[in-house]
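The values are calculated or read from the model by the stated rules, or taken from the named source; none is laboratory data. For clarity, every value in this text was computed on a predicted model and none was experimentally measured. Positions of Cβ are backbone-derived with ideal geometry, glycine not excepted, and every protein chain shown enters the neighbour counts.
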Amino acid sequence: MILDNDSASMLSHGLAAESVAPAWPPLTLAEIKHLLVRYPQVGEIKRLVWFSPRPFSSACVVDTASGRLFVKRLIKAIRSCADLVEEHRFIAHLASHIPPGGPAVSEVLSDITGATAIADGDWTYEVHRLGQGKDIYRDAFSWTPFEEATHAYAAGRALAQFHQGAAGYDAPPRKATLLVSGFSIASNDDPLAAMQDYIDARPGLADYVAQRNWRQDAQRVLMPFHQRLQPFLKKLVPLWTHNDWHASNLLWQAPDGPYLQHGRANDEAAQVATILDFGLCDKTCAVYDLAIAIVTNTIEWLRLPEHAAPDGISGAQLVHFDQLDALLDGYETVTPLSAFDVAAVAAMLPLAHVEFALSELAYFYGVQNSAENAAVAYDTYLLGHAEWFNSAAGIHLLAHIQGRVITS
């Protein structure tokens, strides 16, 4: 697809498995040329070759004389320049600390002044070199599975290498408040108080939950799971993490051979070449990041409503246990998981969506002004995903993970 002008026909991923009109206007060639004047090292700007369907930003791939770039634009309410620099510093650390043989990270470009984040009007921009590897999941919706278990295995291995590289990065938790996946609520001995603090810091979120009995809902749905997690909290080691380890945020290749073709590995040794999209990164812990990887890749959340059964058993066939096991097996080739780690991951899973769901809710209601999307974030992401772990399928999934301790 070659696009040299405005593209009003571009679509974005919706909250279900459907495409919708984008929330933000697509990038244009004129806009890109205006921005990249600040980056003389990239040379002539030739054309726009692909638009990202991700819903919270506008992004595209740009063909230039020095190679292809990935340009991303966000509204300032979501990311200030300082917010983006938080991400870029972490990327820079990883670039020099992920062990040899591990995945690369995207290269963030600096403009003529040395800045890696650019403000212009209501927008902020960042520019990356296009990473090495095949973007075989670039059109995949979030919360959809890998194409095959070998990809899950490679993603698990790369996640452990990523965690090795993140060790020693001691920046404080992020200051960004929207569309960040943190651990401040679940890690607190008084999660309801922490949730109140989280709400108070986000006016759009506060306005929405004032209409809902959020304390009663959290007490009913979330607190029983937090009681299971609480015994693990003091032993979890803080770590800066990715928090969006989905197949679509990874570039892929086969070792010592050509890139993957048609979404399939040339052999069973597919591996992750490059890690993308650090927009959700923050200081959490490795167990949290591993739980995020499991819930975003191995449970088909977008199809669960289709499979709800009258007896309350919902979606058992939509849990990809082969991919779950492969992801954990891949992780353990680098970092073995103790019985404590496995039990902590199982305890973490029902709460893994909570903080990002609140952050999305704040965005939908406070920035996008969509009461409809905010309701989806509250009822489905915040409460529904946690409640699913009380279903027969959810209980079976948690027992399956715990069973790894018995069989190891």
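If you go through segment 79-120, how many residues are at pLDDT below 95 and within 21 Å of Ala176 (Cα to Cα)? Going through segment 79-120 one residue at a time, the tally reaches 1. Can you tell which of Gly165, Gly182 is in the same structural domain as Ser359 (by TED's automatic domain parsing) and surrounded by 23 or more Cβ atoms within 10 Å (Cβ to Cβ)? Gly182 is the lone residue from the list that is in the same structural domain as Ser359 (by TED's automatic domain parsing) and surrounded by 23 or more Cβ atoms within 10 Å (Cβ to Cβ). Scanning segment 131-144 finds one or more residues that are surrounded by 16 or more Cβ atoms within 10 Å (Cβ to Cβ), outside the structural domain of Leu328 (by TED's automatic domain parsing) and not in a loop (DSSP other than H, G, I, E, B).
Which condition does Pro55 not pass, out of (1) at pLDDT 95 or above; (2) touching a Ser or Thr at 6+ places or on another chain (Cβ under 7 Å), if it passes all the others? Unmet condition: (1).
The residue that is surrounded by the most Cβ atoms within 10 Å (Cβ to Cβ), among those in segment 249-281 that are of a type in the set (Gly, Ala, Ser) and modelled with pLDDT of 95 or more, is Gly279.
Being among the hydrophobic types (A, V, I, L, M, F, W, C), in contact with a helix residue (DSSP H, G or I) (Cβ under 6 Å, 6 or more places away or on another chain) and either more than 20 Å from Ala293 (Cβ to Cβ) or surrounded by fewer than 20 Cβ atoms within 10 Å (Cβ to Cβ) (or both) is the requirement here; does Phe232 meet it? Judged against the criteria, Phe232 is a match.
When the residues of segment 1-21 are narrowed to those that are surrounded by 13 or more Cβ atoms within 10 Å (Cβ to Cβ) and in contact with a Leu (Cβ under 7 Å, 6 or more places away or on another chain), which ends up modelled with the lowest pLDDT? Write out each step before concluding.
Residues of segment 1-21 surrounded by 13 or more Cβ atoms within 10 Å (Cβ to Cβ): 3, 6-7, 10-17, 19-20.
Narrowing the set further to residues that are in contact with a Leu (Cβ under 7 Å, 6 or more places away or on another chain) leaves 3, 16-17, 19-20.
Details: Leu3: 42, Ala16: 58, Ala17: 58, Ser19: 59, Val20: 63.
Here the answer is Leu3.
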